[in-house]
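The values are calculated or read from the model by the stated rules, or taken from the named source; none is laboratory data. Predicted model only: the values in this text are computed from it and were never measured. Here the Cβ positions follow ideal geometry from the backbone for every residue, glycine too, while neighbour counts run over all protein chains shown.
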Amino acid sequence: MVETDNAESHVDNNADITISCVTMGNSRASDYGLVTIDGRGRIVQFSEKPKGADLKAMQTDTTLLGLSPQEALKSPYIASMEVYIFKTEVLLKLLRWRFPASNDFGSEIIPAAVEEHDVQVPKSECYDPKTPFYPSPRHLPPTKIDKCRIKAALISHGCFLRECTVQHLVIGECSRLDSGVELQGTVMLGTDYYQTETEIASLPADGNDVIIANKDGVEEADRPDEGFYIRSGITIIAEKATIKNGTVI
């Protein structure tokens, strides 16, 4: 699956939403959200895990996605891979105003969006068995949080947060925030290895009393030697970076 190709298709077609899809045979089609499309790849119907007659009604011409007539007979369904590309304004409208109480794209938001927006499928298979796309389970322990103040944050697993304040940010896996740290409007990319509390205790004490809030409103900056970048006003902590004690960004 090549998401860059799908992104290019999304831009070229000026679509409101693009859904990565894969053609599917009869045996597994009912396990997926299915779509039917018109001649230019626009989705005209979406059905979440249909059965019986509803399933049969979702058969569509999959030659439009590049299959041969023989292949299309074997795979007459188009299944959503639940990978979505949105225009920003469309996504905000759907989440903030149209469906503020919804919890699921596949069963709630996307079926209604098909009726109101230009929702398209890239005109090629989004799955290539020669270059499969695998999920990457980390099997990490849950994040440990001790005496922290957290607001509107997405925190990955395998992290240690102690006596810190975080607001409006994303914290990548295996990150460590120590006493006195204040983060706001920040993305931490985390690291790709896990350290136990014993291993952390043996390291030099970096990362205390750090404040990252971009109070000066800097829009763009490159500070790789210091472990961070700023893009569109958002501070991005580089992968595996260590921010030294007392740093203010």
### Query
Does GLU173 count as within 25 Å of THR4 (Cα to Cα), at pLDDT below 90, outside the structural domain of GLY233 (by TED's automatic domain parsing) and among the acidic types (Asp, Glu)?
no
### Message
Step by step: first the residues of the range 79-90, then only those that are of a type in the set (Val, Ile, Thr) and in a strand (DSSP E or B), then the one that is farthest from ASP16 (Cα to Cα). Which residue is that?
### Response
VAL83
#### Entry: Search result, residues across the range 139-194 that are crowded, with 16+ Cβ neighbours inside 10 Å and among the aromatic types (Phe, Trp, Tyr)
PHE160
### Query
Of all residues in the range 79-104 being under 21 Å from GLN45 (Cβ atoms) and polar (S, T, N, Q), which is modelled with the highest pLDDT?
SER80
### Task
Answer with yes or no whether SER80 is within 23 Å of ASP31 (Cα to Cα), within 18 Å of the chain's Cα centre (by Cα), crowded, with 17+ Cβ neighbours inside 10 Å and hydroxyl-bearing (Ser, Thr, Tyr).
yes
### Task
Exactly one condition in (1) outside the structural domain of VAL44 (by TED's automatic domain parsing); (2) modelled with pLDDT of 90 or more; (3) β-branched (Val, Ile, Thr) is not met by THR131; state its number.
(2)
### Query
Can you find a residue in the range 67-78 that is closer than 14 Å to VAL35 by Cβ, in a strand (DSSP E or B) and either at pLDDT below 85 or touching a strand residue (DSSP E or B) at 6+ places or on another chain (Cβ under 8 Å) (or both)?
yes
